[in-house]
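Asker: One structure follows; several queries about it will come next.
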Amino acid sequence: MRRDRRTELRIWWREIDRVLLLIVLLLMTFGSLAVAVASPASAHRLSTSSVKLPDLYFFWMHLRWQFLGLLAMIGASMLPRETARRAGILLGGIMLFLLFLVPLVGSEVNGAKRWLKLGLTIQPSEFLKPAFAIGLAWILSWRVRDPKLPVIAISAALMGLVAALLMLQPDFGSTILFAGVWFVLVLLSGIPVKRVGWLIGAGVAALTATYFLYDNARHRIDAFLGGGTAYDQVDLASRTLLAGGWTGSGMWLGIRKMSLPEAHTDYIFSVIGEEFGLVACALVVLLYLAFTVRVLVRLVDEEDLFAILAAAGLTAQMGGQAFINILVNLQLFPSKGMTLPLISYGGSSTVALCLTVGFLLAITRRNPFLTREKFDWRHALSNGDGA
């Protein structure tokens, strides 16, 4: 039995993308340092007269969540590709069901219902993110078997359902992220060029409707364009980011972070700027860029359409979330309440993002000794548009 486990571990270590794993571990390590320096600010802000949180309260909690996340990542990465696909689809079905329950019995925080208390507090939308990318890739890959299947219409219906459930919370930021992942995968699946314009037009129409129909989205956009509490928060985050200059003020020596809301989550990138400097911020951006490029390089010789779409979707989800969070901290995007992947403090968020990486490692696994029949899916797609 021990020999079998050792053999499985050796196979796993040989097949996974070790470079990608290293990048992820570097991001998580830097995240631990960032949460450690941001923890005092959030602990002071959230302490009450009766309960005083220790300065490093969120740091120790973050280490616990990271440990659980690493277990989820390693466990998911050891799955065969087909098993990872089935697990992702099953997870998506469960999370969709839980999303239906959130508006009914969810816990409300800051005017939004996004969490369920099921013995422990869980945010279904976070775990739906990797499952959505995998499920969408599976649906779009049906075109290989039958190019006439209306896979784009089916995927659009799924996207519409997810968007409706998210906006009931409301969660405008996650809706934008899910829509972005859907758009990327639809483009990669081979949609005719003439329909790209239709999709862009539909997206603009949806954003316009959201602005007029949902107060949460309208308030955030209005605040971004000029004035309001949300604008003040983003402006403070931008000033905090620049306060440390190129090299930073030093660990635990930042001052502006003490008045920054959600320093350990939404605005942790600004804390990194003040404590470690703009050079450290640039390093974080480069690590996310390296993450994206590494996955794309891994997919260059991939033959399986599902693997290409799933890996691209998971990467778009991770990179898109990082991109939005950084732009918010730079005062270039409306406030979204979205964490910085693998760096910000989070419970459901940390575990779900690690699970995302685990699925990505599983889907991009390669056996150098495995020979299999190659199938030209690009030629198959050229025979029909699947709309």
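Asker: Pop out the Kirkwood hydrodynamic radius of the stretch 257-361 from its pairwise C-alpha distances, inverse of mean 1/r, in Å to one decimal.
Answerer: Values: mean 1/r = 0.0682 Å⁻¹.
Kirkwood radius, the stretch 257-361: 14.7 Å.
Asker: Which whole-number percent gives the relative contact order of the stretch 20-367, counting Cα pairs below 8 Å spaced six or more residues apart?
Answerer: Answer for the stretch 20-367 is 30 percent.
Asker: Same structure, new question: Mind jotting down the three principal axis lengths of the stretch 20-367 based on Cα atoms? Whole angstrom, largest first.
Answerer: 62, 49, 42
Asker: Could you give each residue of the stretch 51-68 its phi-based ³J(HN,Hα) in whole Hz, using Karplus coefficients 6.51, -1.76, 1.60 with θ = phi - 60°, and x for Gly or Pro?
Answerer: 10, 10, 7, x, 4, 9, 4, 6, 5, 5, 5, 5, 4, 5, 5, 5, 4, 5
Asker: Can you put 235, 4 in order, fewest other beta carbons within 10 Å first?
Answerer: Arranged by neighbour count, lowest to highest, 235, 4 become 4, 235.
Asker: Also, I was wondering about something else. Please find the FRET efficiency linking residue 293 to residue 48, where r is the Cβ-Cβ separation and R0 is fixed at 45 Å, and quote it to the nearest 0.05.
Answerer: That pair, residue 293 with residue 48, gives E of 0.45.
Asker: Give the average over all directions of the projected area of the C-alpha convex hull of the stretch 27-92, one decimal, in nm².
Answerer: If you wrap the Cα atoms of the stretch 27-92 in a convex hull and average its projections, you get 6.2 nm².
Asker: Between residue 205 and residue 104, what's the calculated FRET efficiency when r is the beta-carbon distance and R0 is 51 Å? Round to 0.05.
Answerer: With R0 = 51 Å, the Cβ-Cβ based efficiency is 0.95.
Asker: Using the C-alpha gyration tensor of the stretch 24-159, what are the square roots of 5 times its eigenvalues, in whole angstrom, with the largest one first?
Answerer: Calculated on Cα positions only, the semi-axes equal 36, 21, 12 Å.
Asker: Determine by what factor the alpha-carbon radius of gyration of the stretch 63-143 differs from 2.2 N^0.38 Å, reporting the quotient.
Answerer: So the stretch 63-143 has a normalised radius of gyration of 1.24.
Asker: Here's a follow-up. What are the residues whose amide H is under 5 Å from the amide H of residue 107, where those residues sit 5 or more places off or on another chain and H is modelled from the backbone?
Answerer: When sequence neighbours closer than 5 places are left aside, the close amide H contacts are 114, 115, 116, 117.
Asker: Another question about this same structure. Mind counting lysine pairs for me in the stretch 20-367? Cα separation below 22 Å, and the two need to be 8 or more apart along the chain or on different chains. Spell out each step's value before the answer.
Answerer: Working: 52/257; 113/129; 113/336; 117/129; 129/336; 148/194; 257/336.
Number of lysine pairs found: 7.
Asker: Related question: For residue 148 and residue 86, calculate 0.36 nm times their separation in residues minus their Cα-Cα distance, and state this gained length in nm to one decimal. Mind dumping the intermediate values first?
Answerer: Values: separation 62, 0.36 × 62 = 22.32 nm, distance 2.39 nm.
Result: 19.9 nm gained on full extension.
Asker: Ok, one more. Evaluate the charge dipole of the stretch 20-367 about its Cα centre and quote only its size in Debye, nearest 20, assuming +1 on the Cβ of each Lys and Arg and -1 on the Cβ of each Asp and Glu. Walk me through the numbers before you get to the answer.
Answerer: Details: 25 positive and 18 negative charges, 114 e Å.
It works out to roughly 540 debye.
Asker: Would you please put 11-19, 90-98 in order of how densely packed they are, using the mean number of other Cβ atoms within 10 angstrom per residue and starting with the highest? Don't skip to the end; give the middle numbers.
Answerer: Values: 11-19: 15.1, 90-98: 16.9.
Top to bottom by mean Cβ count within 10 Å: 90-98, 11-19.
Throughout, read-outs are computed from the coordinates displayed, never taken from laboratory work. Everything numeric in this text was worked out from a predicted model, so none of it was measured. Ideal geometry is used to build each Cβ from the backbone, glycine not excepted, and the neighbour counts take in all protein chains shown.
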